[in-house]
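K.L.:
First, the structure itself, so that you have it in front of you.
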Amino acid sequence: MLGPEYKGVQTIVLLIYSLVLPVFTFGVTGGVRYFLAQEFELKETLVSIVGIGFFYFLVNVGVLHALEWLNLLNLEILTISGLFYLTIIGLFFYSFNNLFTRILLSLSQFVSYNRILLAYRCSYFLMIGLVYFFYSVKIKGVILAMVTSEGLHFCLLLYKILSKVKWRWRIDLVFIKKVHRYGIKVWLSEVLRISNRRLDQFVLASLLPAAALGIYAVGVTISELVQRIPQKIIPIFYNSVALEAAEDQKKKLLARVHRVVVWLTCLSALPLVLVGFWLISWLYGHHFSGAYYVLICYLPGTVVYMGTRVMLQYFSASAQLNNMSYIQLVGIGVGLPLYYFLIPIYGVIGAALSSSVAYLLTNVVGFLLLADLRFSDMYLPRKSDWHHLRKLLKV
């Protein structure tokens, strides 16, 4: 439905919501969930949370204007396309939806959350369908569909929260202070995690036209399909490590799951290598055929980074937070200069190669931090692995 340039414009908008917004809210959404679950009552803090939401919405609007003034992220194309202020309206909804989602989760309203999420996703696909058949300016229609579905998401979340609590008109300064103190503690780790996954697109959007970003985004999206099955193992692995007291057993479990995840992802990647060109052309059109070469260059990093995610979960469940930061810092420290060196020369291929190298090194650093595990323990498959995988999935 969208050509490469308009796909790039859509990707820029998604980067604002998925990268800029989380970075410049400084971890407060996590702080809200933590303290509502641990210490404070929602009826006493709801007005404070709404105030926090308005404040960080305004902060991020200021950040967007600064990025536009500095000519970063190619935001001038949103102004030219008449999408800048529509994007800001969407930013308002995203800001509050992040907070309202944390509120529902802190109240253990998982069923309500899943129902609202289902309704939100259905509304998005319905809006996209309406755009396809009735809207003449496709990119404006797609962004309008995104913003409208986020608006519906906002209304459903707010309705559910207000139906659960009788709130009071008061601002709790103690709550606000504690939320920010906690948020700053987790903010750096969150920034590193998000940046490691989306920094390539941020730099690409700043250096190349939107059409290049659109082609790159399609290649990345298709390559990440190989993560769908292996990533189902990771939450189960995290719980198993957290419950295991013996350190040697934790590391045995880590080595086994790392082997399984890496090889399972590798096997999942083979069909994409063989049929990826035709799959991309069928799903997106022949204008995106260049995304296949992005896919080929990005896939090795995608495969290896799934193993890195296993290591990160191990360090998180073992309360080794510094090791998590070291791994992410290496990814950014290697990737950032490579992006600025290779993208001007090789374009989207340079971005994909840089990402793969950065992801590979995160895995190497993670392995080196596990000094008492051998290469064969972490990387060479064994016959017993699949039996243990079935056993793990039954937990």
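This table checks each residue for (1) part of a loop (DSSP other than H, G, I, E, B); (2) more than 21 Å from residue 291 (Cβ to Cβ); (3) touching a residue at least 24 places away in the same chain (Cβ under 8 Å); (4) of a type in the set (D, E, K, R).
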site	(1), (2), (3), (4)
345	no, no, no, no
351	no, no, yes, no
373	yes, yes, yes, no
382	yes, yes, yes, yes
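K.L.:
I need the full set of residues from the stretch 135-164 which are outside any helix (DSSP H, G or I) and surrounded by fewer than 15 Cβ atoms within 10 Å (Cβ to Cβ), in order please. Give the steps one after another, and end with the answer.
P.N.:
Taking the stretch 135-164 as the starting set, the residues that turn out to be outside any helix (DSSP H, G or I) are 135-137.
Across the stretch 135-164, the qualifying residues are 136, 137.
K.L.:
Also, quick follow-up: Quick one: which of 254, 225 is out of contact with any helix residue (DSSP H, G or I) (no Cβ under 6 Å at 6 or more places or on another chain) and modelled with pLDDT under 90?
P.N.:
Numbers: 254 fails: out of contact with any helix residue (DSSP H, G or I) (no Cβ under 6 Å at 6 or more places or on another chain).
Going through 254, 225 in turn, just one is out of contact with any helix residue (DSSP H, G or I) (no Cβ under 6 Å at 6 or more places or on another chain) and modelled with pLDDT under 90: 225.
K.L.:
Sticking with this one: Name the single residue, out of those in the stretch 359-370 being surrounded by 24 or more Cβ atoms within 10 Å (Cβ to Cβ) and not β-branched (Val, Ile, Thr), that is modelled with the lowest pLDDT. Before the answer, list the steps.
P.N.:
Within the stretch 359-370, the subset surrounded by 24 or more Cβ atoms within 10 Å (Cβ to Cβ) is 359, 362-363, 366.
Keeping just the survivors that are not β-branched (Val, Ile, Thr) gives 359, 363, 366.
Details: 359: 92, 363: 92, 366: 89.
Only one residue fits best here, namely 366.
K.L.:
Another question about this same structure. Pick out the one residue from 200, 248 that is part of a helix (DSSP H, G or I), of a type in the set (Asp, Glu) and within 16 Å of the chain's Cα centre (by Cα).
P.N.:
Values: 248 fails: within 16 Å of the chain's Cα centre (by Cα).
Criteria check complete, one pass: 200.
K.L.:
Taking the stated definitions as given, is residue 190 under 30 Å from residue 336 (Cβ atoms), in a helix (DSSP H, G or I) and either touching a Cys at 6+ places or on another chain (Cβ under 7 Å) or among the acidic types (Asp, Glu) (or both)?
P.N.:
Details: under 30 Å from residue 336 (Cβ atoms): yes; in a helix (DSSP H, G or I): yes; either touching a Cys at 6+ places or on another chain (Cβ under 7 Å) or among the acidic types (Asp, Glu) (or both): yes.
It is true that residue 190 is under 30 Å from residue 336 (Cβ atoms), in a helix (DSSP H, G or I) and either touching a Cys at 6+ places or on another chain (Cβ under 7 Å) or among the acidic types (Asp, Glu) (or both).
K.L.:
Another one. Step by step: first the residues of the stretch 72-101, then only those that are over 12 Å from residue 16 (Cβ atoms) and of a type in the set (Ser, Thr, Tyr), then the one that is surrounded by the fewest Cβ atoms within 10 Å (Cβ to Cβ). Which residue is that?
P.N.:
Once the filter is applied, the top-ranked residue is 85.
K.L.:
Okay, moving on. Kindly indicate the residue of the stretch 277-319 that is hydroxyl-bearing (Ser, Thr, Tyr) and over 24 Å from residue 380 (Cβ atoms) and also surrounded by the most Cβ atoms within 10 Å (Cβ to Cβ) among those meeting that condition. Can you show your working first?
P.N.:
Taking the stretch 277-319 as the starting set, the residues that turn out to be hydroxyl-bearing (Ser, Thr, Tyr) are 281, 284, 289, 292-293, 298, 302, 305, 308, 314, 316, 318.
The next check asks that each one be over 24 Å from residue 380 (Cβ atoms); those that pass are 281, 284, 289, 292-293, 298, 316.
Values: 281: 15, 284: 21, 289: 15, 292: 21, 293: 16, 298: 27, 316: 16.
Among them, the one singled out is 298.
To keep it simple, each residue is scored yes or no on (1) touching a residue at least 60 places away in the same chain (Cβ under 8 Å); (2) of a type in the set (Phe, Trp, Tyr); (3) under 25 Å from residue 361 (Cβ atoms).
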residue	(1), (2), (3)
214	yes, no, no
219	yes, no, yes
256	yes, no, yes
268	no, no, yes
293	yes, yes, yes
298	yes, yes, yes
303	yes, no, yes
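K.L.:
Within the bounds of the stretch 33-44, is there any residue that is closer than 20 Å to residue 199 by Cα, part of a helix (DSSP H, G or I) and not hydrophobic (A, V, I, L, M, F, W, C)?
P.N.:
No, the stretch 33-44 has no match at all.
K.L.:
Turning to a different aspect of this structure: Taking residue 45 as the residue in question, decide whether it is within 18 Å of the chain's Cα centre (by Cα), of a type outside the set (Asp, Glu) and surrounded by 21 or more Cβ atoms within 10 Å (Cβ to Cβ).
P.N.:
Working: within 18 Å of the chain's Cα centre (by Cα): no; of a type outside the set (Asp, Glu): yes; surrounded by 21 or more Cβ atoms within 10 Å (Cβ to Cβ): yes.
Against the criterion (within 18 Å of the chain's Cα centre (by Cα), of a type outside the set (Asp, Glu) and surrounded by 21 or more Cβ atoms within 10 Å (Cβ to Cβ)), residue 45 does not qualify.
K.L.:
On to the next question. Check off (1) farther than 23 Å from residue 142 by Cα; (2) at pLDDT 90 or above; (3) surrounded by fewer than 21 Cβ atoms within 10 Å (Cβ to Cβ) for residue 52 and give me the number that stays unchecked.
P.N.:
Just one mismatch for residue 52, condition (3).
K.L.:
Identify all residues within the stretch 327-354 that are among the small types (Gly, Ala, Ser) and out of contact with any helix residue (DSSP H, G or I) (no Cβ under 7 Å at 6 or more places or on another chain); write none if there are none. Walk me through how you get there before you give the answer.
P.N.:
We begin by selecting, within the stretch 327-354, every residue among the small types (Gly, Ala, Ser); these are 331, 333, 335, 347, 350-352, 354.
If the condition is that a residue be among the small types (Gly, Ala, Ser) and out of contact with any helix residue (DSSP H, G or I) (no Cβ under 7 Å at 6 or more places or on another chain), then 333 is the only one that fits.
K.L.:
Going residue by residue through the stretch 140-154, is there one that turns out to be at pLDDT below 85 and not basic (Lys, Arg)?
P.N.:
Within the stretch 140-154, the subset at pLDDT below 85 is 140-142.
Subset that is not basic (Lys, Arg): 141-142.
For the stretch 140-154, residues at pLDDT below 85 and not basic (Lys, Arg): present.
K.L.:
Which one of 193, 198, 170 is in contact (Cβ under 8 Å) with a residue 60 or more places away in the chain, loosely packed, with under 14 Cβ neighbours inside 10 Å and farther than 23 Å from residue 108 by Cα?
P.N.:
Details: 193 fails: loosely packed, with under 14 Cβ neighbours inside 10 Å; 198 fails: loosely packed, with under 14 Cβ neighbours inside 10 Å.
Only one candidate qualifies: 170.
K.L.:
OK, next. Return the residue satisfying two criteria in turn: it lies in the stretch 102-120 and is within 29 Å of residue 202 (Cα to Cα) and touching a His at 6+ places or on another chain (Cβ under 9 Å), and of such residues it is surrounded by the fewest Cβ atoms within 10 Å (Cβ to Cβ).
P.N.:
My answer is 117.
K.L.:
Sticking with this structure for a sec: Kindly indicate whether any position in the stretch 221-229 is farther than 18 Å from residue 291 by Cβ and either free of Cβ contacts under 8 Å to residues at least 24 places away in the same chain or out of contact with any Cys (no Cβ under 9 Å at 6 or more places or on another chain) (or both).
P.N.:
Looking only at the stretch 221-229, we keep the residues that are farther than 18 Å from residue 291 by Cβ, and these are 228-229.
Subset that is either free of Cβ contacts under 8 Å to residues at least 24 places away in the same chain or out of contact with any Cys (no Cβ under 9 Å at 6 or more places or on another chain) (or both): 228-229.
Yes, the stretch 221-229 contains a residue that is farther than 18 Å from residue 291 by Cβ and either free of Cβ contacts under 8 Å to residues at least 24 places away in the same chain or out of contact with any Cys (no Cβ under 9 Å at 6 or more places or on another chain) (or both).
K.L.:
Let me ask something else. Go through the residues of the stretch 261-270 one by one and say whether even a single one is in contact with a Leu (Cβ under 8 Å, 6 or more places away or on another chain), aliphatic (A, V, I, L, M) and at pLDDT below 90.
P.N.:
Checked the stretch 261-270: no residue is in contact with a Leu (Cβ under 8 Å, 6 or more places away or on another chain), aliphatic (A, V, I, L, M) and at pLDDT below 90.
K.L.:
From the list 78, 73, 19, which residue is outside any helix (DSSP H, G or I), among the aliphatic types (A, V, I, L, M) and modelled with pLDDT under 85? Walk me through it before giving the result.
P.N.:
Numbers: 78 fails: outside any helix (DSSP H, G or I); 19 fails: outside any helix (DSSP H, G or I).
Just a single option satisfies the conditions, and that option is 73.
K.L.:
Considering each of 360, 329, 312 in turn, give the residue that is within 19 Å of residue 223 (Cα to Cα) and under 22 Å from the mean Cα position of the chain (by Cα). Lay out the reasoning, then the answer.
P.N.:
Numbers: 329 fails: within 19 Å of residue 223 (Cα to Cα); 312 fails: within 19 Å of residue 223 (Cα to Cα).
Selected residue: 360, the only one of 360, 329, 312 that is within 19 Å of residue 223 (Cα to Cα) and under 22 Å from the mean Cα position of the chain (by Cα).
The values are calculated or read from the model by the stated rules, or taken from the named source; none is laboratory data. On a predicted model such as this, the values are computed, not experimentally measured, just so you know. Note that each Cβ is placed from the backbone with ideal geometry, even for glycine, and that neighbours are counted across all protein chains shown.
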